[in-house]
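Read-outs throughout are calculated quantities, based only on the coordinates presented, and are distinct from any laboratory measurement. Keep in mind that this is a model prediction, so the values were computed, not measured. Heads up, the Cβs are rebuilt from the backbone with ideal geometry, glycines too, and the neighbour counts pull from every protein chain shown.
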Amino acid sequence: MNGSDFAFIIIAAKAGIACIPTTLLLSIVPFMIGAIVGTIIAMIRIFRVKYLAQLFKIVIDTLKAIPLILILYILFFAMTDSFKNINMIIVAITTLSVFAMVIISETIRGAFMSIDSNQYEAGYSVGMTTVQTLRRIVIPQAVPVAVPVLCNNLIGLVKASSIMYLITVRDILNGTLITASSNYRYLDAYIAAALVYWGLILIIELLSRILEKRMGRFRMNVA
Amino acid sequence: MSTYFNIKLVFEYFPQILSKLPVTLAIVVFATIAGVILGTLIALIRINKIPVLQQFAVVFVSFMRGTPIIVQLFIVFFGLPVLLSKAGIDANNWSTIIFVIVTYGLNLSAFMSEIFRSAIVGVDTGQKEAAYSVGMTNWQAFKRIIAPQALLIAMPSFSVNIIGLLQNTSLGFTIGLVDVIGEVRAIGVRTYHVLEGYVAAAIIFIVLSILLNKLFSYTENKLQTKLTRISR
């Protein structure tokens, strides 16, 4: 390997850009699944539902401690054993959904915990039910807290999805690497992949900042 | 591949997999040291707005935060020997653990610099002014007044990142590192039983995370009581 070839980096980056839809699929679908399941788990833990709250605390803490790559391989072997010819995208989405569920449930829980208990009491004191208090008082305050962290979670998912090249999913990383398989310019291919990820994540960060601004305005209106 | 899961094998492989734990721990320790030193440096560059270096730091931190660590790992693995050969150093035969430590040290430094920066900025300016008002120099004010408070602010994010680092070490096998995961794969090649090894590795990581969490919350409590005692 003798240095890097700029022209080849461009070629590899183009191949990577063509695979952005797969990476987005691997990030956004698990994000949505994680948001739904994670919110339910967070609610169960916030309202201390008997037995379930303790159970989910153990489940979330355990899953949080296992590296994603191990979750991937354990699910990979379990799933390929149970279903022959399973599509690797399904394995990837399942793994990342587990990951998303863990991080998003913690985000939602953190956002709700950041709201002072006075706020609930204030709601109850004027005769609101729990649902009304949540909808009118707590959620409007928790959302602006959660949004920036959720955007970070999404960025984390985009980055985490890169390990799916190990199970031959053709995402950004795999897309760029394939171009290097004939000339062994792997350094260039990895640099190209880094540039594509970097650009994609900068765009997500920009969108998140715009969203935060709008949230800020929304919050001002409430106050 | 394994067509069934044999729980007995989890225990059988466990000691062998555990014997590679020092590799994982060495990466965590050395990368943390490198990350803290470099991270502090970057934070100071950005707080004091040193020209040129500051712009460089901003791009570096953005790159490290904006790209997957596995891509960074391979860029260091393939790129560092190329870079060093220009300086006349032959790095082709270096042990893979060095590349892993370099990558994770660099990666961690970016995250650490952000944590330290927001922690130092997060200390009330009144504290600094109070230190100056009693005649402390810039350095004294930082060492005695700002740093201890900033440390307390930084602690929770610091621990989250170190535990993240511990988990990221699991990617080292992709460049041929024989750590806990690398050993599982070596066993898998010999015996065709790999799922059991991954489960054993998962148990090791769960226990390590619990221990690290305990250590951090202990340190945080210690720091908290020490600081409140001083302020009293």
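Using a Förster radius of 35 Å, what is the FRET efficiency between B:ALA26 and B:ALA87 based on their Cβ-Cβ separation? Nearest 0.05, please.
Step by step, r from the Cβ atoms, then E = 0.85.
Within 10 Å of each Cβ in A:70-77, how many Cβ atoms from other chains are there, averaged over the peptide?
Working: counts 14, 2, 1, 12, 7, 1, 4, 9.
The shielding value for this peptide is 6.
For the protein assembly as shown, go through all pairs of different Cα atoms, get the mean of 1/r, take its inverse, and jot down that Kirkwood value in Å. Don't skip to the answer; put the middle values down first.
On the way: mean 1/r = 0.0413 Å⁻¹.
One over the average 1/r among Cα pairs gives 24.2 Å for the protein assembly as shown.
Quick check: Cα centre of segment A:1-72 to Cα centre of segment B:4-35, how many Å?
Between the Cα centre of segment A:1-72 and that of segment B:4-35, the gap is 24 Å.
What's the average, rounded to a whole number, of partner chain beta-carbon atoms within 10 Å of each residue's beta-carbon in B:169-175? If you can, show how the numbers build up before the last one.
Working: counts 1, 7, 6, 0, 2, 4, 0.
Partner-chain Cβ atoms within 10 Å, mean over residues of B:169-175: 3.
For the Cα atoms of chain A, what angle does the longest principal axis make with the long axis of helix A:68-82, in degrees from 0 to 90, nearest 10?
Roughly 80 degrees, rounded to the nearest 10.
Hey, got the average number of other protein chain Cβ atoms within 10 angstrom for residues in B:196-204? Can you show the working numbers first?
Working: counts 1, 2, 10, 5, 0, 6, 9, 4, 2.
Per-residue shielding by partner chains comes out at 4.
Express in nm, to one decimal, how much length is gained between A:MET128 and A:THR168 on full extension, taking 0.36 nm for each residue of separation and deducting their alpha carbon distance. Present the calculation step by step, with values, prior to reporting the outcome.
Values: separation 40, 0.36 × 40 = 14.40 nm, distance 5.31 nm.
Full extension from A:MET128 to A:THR168 adds 9.1 nm.
Based only on Cα atoms, what mean projected area does the convex hull of segment B:22-172 have, in nm²? Each step should come with its number before you reach the end.
Numbers: hull surface 41.3 nm².
The Cα convex hull of segment B:22-172, projected and averaged over all directions, gives 10.3 nm².
Could you give the nm distance between label points at A:LEU211 and B:GLU220, where each point is 7 Å from its Cα heading toward the beta carbon?
Distance between label points: 2.6 nm.
Can you put B:THR103, B:THR174, A:THR62 in order of Cβ neighbours within 10 angstrom, beginning with the fewest?
On the way: B:THR103 27, B:THR174 19, A:THR62 15.
So the residues, fewest neighbours to most, are A:THR62, B:THR174, B:THR103.
Given the options B:GLY182, B:GLY135, B:GLY164, state which has the largest fluctuation in a GNM of chain B using a 10 Å cut-off (strictly under) for Cα springs.
Largest GNM mean-square fluctuation: B:GLY135.
Do you know the relative contact order of chain A, to the nearest whole percent, from alpha carbon pairs under 8 angstrom that are 6+ apart? All intermediate terms of the calculation are to be shown ahead of the outcome.
Working: 240 pairs, mean separation 79.2, N = 223.
About 36 percent, as a whole number.
Would you give the gap between the C-alpha center of segment B:128-149 and the C-alpha center of segment B:156-231, rounded to a whole Å?
37
Please state, rounded to one decimal and in Å, the Kirkwood hydrodynamic radius that segment A:30-106 gives when every pair of distinct Cα atoms enters the mean of 1/r. Could you put the intermediate results ahead of the total?
Values: mean 1/r = 0.0765 Å⁻¹.
That comes to 13.1 Å for segment A:30-106.
Rank by packing, highest mean first: peptides B:147-157, A:153-163, B:206-216, B:86-96, with packing defined as the count of other Cβ atoms within 10 Å averaged across residues. All intermediate terms of the calculation are to be shown ahead of the outcome.
Details: B:147-157: 17.5, A:153-163: 22.6, B:206-216: 14.7, B:86-96: 10.5.
Output ranking for B:147-157, A:153-163, B:206-216, B:86-96: A:153-163, B:147-157, B:206-216, B:86-96.
Taking Cα atoms, how many degrees apart are the long axis of helix B:195-231 and the longest axis of chain B, rounded to 10 and kept between 0 and 90?
Value to nearest ten degrees: 20.
Show me, for segment B:43-48, the HN-Hα J-couplings you get by feeding each phi into the Karplus relation (A = 6.51, B = -1.76, C = 1.60, θ = phi - 60°), rounded to Hz, glycine and proline as x.
4, 5, 4, 6, 5, 7
In nm², what is the average projected area of the convex hull enclosing the Cα atoms of segment B:1-58?
7.1
Taking only Cα atoms, what is the 0 to 90° angle, nearest 10, from helix A:139-160's long axis to the longest principal axis of chain A?
Tilt relative to chain A: about 20 degrees.
Starting from 0 in steps of 5 Å, tell me what percent of the Cα-Cα pairs of segment B:1-97 lands in each bin.
Final binned percentages: 2, 9, 10, 14, 17, 15, 11, 7, 5, 4, 3, 1, 0.
Quick one, what does Rg over Rh come out to for segment A:21-162 if you take C-alpha atoms and the Kirkwood Rh?
Values: Rg = 17.4 Å, Rh = 16.4 Å.
With Rg and the Kirkwood Rh in hand, the quotient comes to 1.06.
Just grab the label-to-label distance for B:ALA130 and A:ASN183, each label 7 Å out from Cα along the Cβ direction, in nm (one decimal).
About 6.3 nm separates the two model spin labels.
Of all chymotrypsin sites (Phe, Trp or Tyr not before Pro) in segment A:30-117, which ones are in loop regions per DSSP and have a Cβ with at most 16 other Cβ atoms within 10 Å?
Working: sites: A:PHE31, A:PHE47, A:TYR51, A:PHE56, A:TYR73, A:PHE76, A:PHE77, A:PHE83, A:PHE99, A:PHE112; in loops: A:PHE47, A:TYR51, A:PHE83.
Those that pass, being in a loop and sparsely packed, are A:PHE47, A:TYR51, A:PHE83.
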